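Asks: Below you will find the structure I want to go over with you.
The values are calculated or read from the model by the stated rules, or taken from the named source; none is laboratory data. Note that the structure is predicted; figures quoted are calculated from it, not measured. So basically every Cβ, Gly included, is an ideal-geometry build from the backbone, and we count neighbours across all protein chains shown. These area figures cover heavy atoms from the full protein model, side chains too; ligands, DNA and RNA do not enter into them. Shrake-Rupley method; radii C 1.70, N 1.55, O 1.52, S 1.80 Å.
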Amino acid sequence: MPTPTLLKHIFGLLAAVSLAACFSAQESSSKELISDKLAALQESGPSYEILSDLARLYRDEGDMMNAAKYFHLASSHEGAGAGLWVELARVYMTAGKLEGANAVLKKGMELFPDAAELLYVQASAYVLQGKTPSAIYSMQKASKLEPENPKYSYKLAELLFLRGNEERAMAILDPMLEMDEPYKDAVLLHSQILFVSDSQRQGIRQVEKLFKKDEDDLRVKEALVAMLLENAMIEAEAGRVSRAVKTLEDANEVVPGEPDILLGLALLEHEQGEPTKAIDYCMEILERHPKDLKAYDFLGRLQRVEGMADKAEATFRKGLELAREAGSKEFIESFNKSLSPFD
């Protein structure tokens with residue numbers, strides 16, 4: 001069987017899918033809006049609307065210093081509610097100024113003691129500071145203020161889960177799962193709790209149901225793939241290779257062509273004595289990702305073991321060429337070592 005270290009390398013959790021987009025037109029438009037608002041500020045004076053609009057525009061531009069400045073100015077005007085203090089605190093948190101965020105939240109809660117959203121943001125700030133018990137206390141207060149809001153109950157359950165109190169977390173989540181339209185975040189968290197509580201298949205099935213309802217939801221897709229990969233590793237380490245293969249095949253249906261999944265399948269098919277299938281998976285990786293060094297390395301080894309010396313040499317030489325282009329010392333050394341019998 002492959003070593004746990006190798007399996008963890010092969011089945012490392014997928015990075016979140018990133019979608020490329022061009023924001024140049026939006027940035028230009030945003031700067032024009034800021035100019036317009038600054039002109040209005042000069043002409044009409046500092047109204048709440050102009051100041052809060054400026055703060056949000058600067059925040060969206062990533063200029064947290066000016067965003068905080070104008071949120072502070074807006075906070076002294078009539079019309080500044082709890083929501084504005086929430087936005088101001090989030091600006092400080094985005095900028096990494098957690099003490100400043102705490103000061104803003106304290107002031108906001110003095111003005112609006114019944115604002116559950118301020119407590120919610122305070123809990124988030126405490127989590128960033130590593131103060132999970134304080135975060136739990138804040139969320140308990142928030143959920144009491146708005147017991148019908150699933151967002152606050154969910155966050156409390158999540159924090160309890162992080163503290164290892166799975167039973168209390170489950171008790172909070174259960175009513176949300178019985179709703180006609182269950183709160184999606186609650187279902188995902190419930191499935192995670194099941195997964196770590198030795199009910200892996202039950203947890204996976206819950207996320208699969210969510211995925212079938214909306215296959216475009218990236219959070220659900222990532223949660224499902226992460227669980228499938230983790231489950232495949234568990235099955236492989238336990239010697240249940242055929243189950244591990246089936247689990248990876250399921251993951252490949254969710255995110256077709258992901259090289260880590262295909263390489264895992266190649267590894268496991270080789271372990272099952274199916275070298276042709278293993279080679280086919282490597283070839284599929286290289287069709288989709290022609291510079292994947294891991295696939296070249298494993299494919300060459302498979303070809304050599306199967307007596308295809310000429311093909312193995314060609315694979316290793318191509319891999320070495322690509323490794324040199326990429327400047328990968330690790331793979332340059334590996335391919336040179338694999339090629340030494342051919343030289």
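Asks: Step through the residues of the stretch 54-71 one at a time and calculate ³J(HN,Hα) from phi using the Karplus curve (6.51 cos²θ - 1.76 cosθ + 1.60, θ = phi - 60°), rounding each to whole Hz and writing x for Gly and Pro.
Replies: Values, residue by residue: 4, 4, 5, 5, 5, 4, 5, 7, x, 8, 6, 5, 5, 4, 4, 4, 6, 5 Hz.
Asks: What does the net charge come to around residue 157 if you take all other residues with beta carbon closer than 10 Å to its beta carbon, with K and R at +1 and D and E at -1?
Replies: Counting the neighbours of residue 157, the net charge comes to -2.
Asks: Largest first, how would 213, 311, 69 line up by accessible area (1.4 Å probe)?
Replies: Largest accessible area first, the list is 213, 311, 69.
Asks: Along the Cα→Cβ direction, 7 angstrom out, place labels at residue 162 and residue 330. What is the inter-label distance in nm?
Replies: 3.0 nm
Asks: Expected output is a single nm value to one decimal: the length gained when fully extending between residue 65 and residue 181, i.e. 0.36 nm times separation in residues minus the C-alpha distance. What is it?
Replies: So the extension gain works out to 37.7 nm.
Asks: Calculate for the chain the 222 nm mean residue ellipticity that helices alone would give, adding -39,500 (n - 2.57) per DSSP H run of length 4 or more and normalising by residue count, nearest 500 deg cm²/dmol.
Replies: -24500 deg cm²/dmol
Asks: Follow-up question, since we're still on this one. Using the Karplus curve 6.51 cos²θ - 1.76 cosθ + 1.60 with θ = phi - 60°, work out ³J(HN,Hα) for each residue of the stretch 98-103 in order, rounded to whole Hz, and write x for Gly and Pro.
Replies: Whole-Hz 3J(HN,Hα) from phi for the stretch 98-103: 5, 5, x, 4, 4, 5.
Asks: Taking the Cα-to-Cβ direction at residue 219 and at residue 35 and moving 7 Å from each Cα, how far apart do the two end points lie in nm?
Replies: Taking the simple label geometry, residue 219 and residue 35 are separated by 3.8 nm.
Asks: May I ask you to evaluate 6.51 cos²θ - 1.76 cosθ + 1.60, the Karplus curve with θ = phi - 60°, for each residue of the stretch 288-304 and list the ³J(HN,Hα) values in order in whole Hz, giving x for glycine and proline?
Replies: These are the phi-based 3J(HN,Hα) values: 8, 10, x, 10, 6, 5, 4, 5, 4, 4, 6, 4, x, 5, 4, 4, 5 Hz.
Asks: Sticking with this structure for a sec: Please work out which option in [x] 64, 55, 48; [y] 52, 49, 48; [z] 81, 49, 34 gives Cα extents along the principal axes in Å calculated from these coordinates, and answer with its label.
Replies: Of the listed options [x] 64, 55, 48; [y] 52, 49, 48; [z] 81, 49, 34, [z] comes from this structure.
Asks: What spacing in nm lies between the two simple spin-label points modelled at residue 209 and residue 140, each 7 Å away from Cα in the Cβ direction?
Replies: With each label point 7 Å from Cα toward Cβ, the separation is 3.1 nm.
Asks: For the stretch 290-342, what is one quarter of the convex hull surface built on the Cα atoms, given in nm²?
Replies: Here the figure is 3.1 nm², rounded to one decimal.
Asks: Can you find, among 157, 100, 315, the residue farthest towards the positive end of the dipole of the chain? Put +1 on the C-beta of Lys and Arg, -1 on that of Asp and Glu.
Replies: Looking along the dipole axis, the top candidate is 100.
Asks: What is the mean projected area of the alpha carbon convex hull for the stretch 98-186, to one decimal in square nanometres? Don't skip to the answer; put the middle values down first.
Replies: Values: hull surface 22.3 nm².
Convex hull of Cα atoms, orientation-averaged projection: 5.6 nm².
Asks: Which three lengths, in whole Å and largest first, does the stretch 148-296 cover when its Cα atoms are put on their principal axes?
Replies: 56, 31, 24
Asks: Sorted from largest down, give the three principal axis spans of the alpha carbons of the stretch 200-280, whole angstrom values.
Replies: Principal extents (largest minus smallest coordinate, Cα): 37, 25, 14 Å.
Asks: So if I place +1 on the C-beta of Lys and Arg and -1 on the C-beta of Asp and Glu, and nothing else carries charge, what would the dipole magnitude of the chain be about its Cα centre? I want it in debye, nearest 20.
Replies: On the way: 40 positive and 56 negative charges, 184 e Å.
Dipole size: approximately 880 debye.
Asks: Would you tell me the accessible area of residue 99, worked out with a 1.4 angstrom probe on the heavy atoms of the protein chains, in Å² to the nearest 10?
Replies: Surface open to solvent at residue 99 totals about 130 Å².
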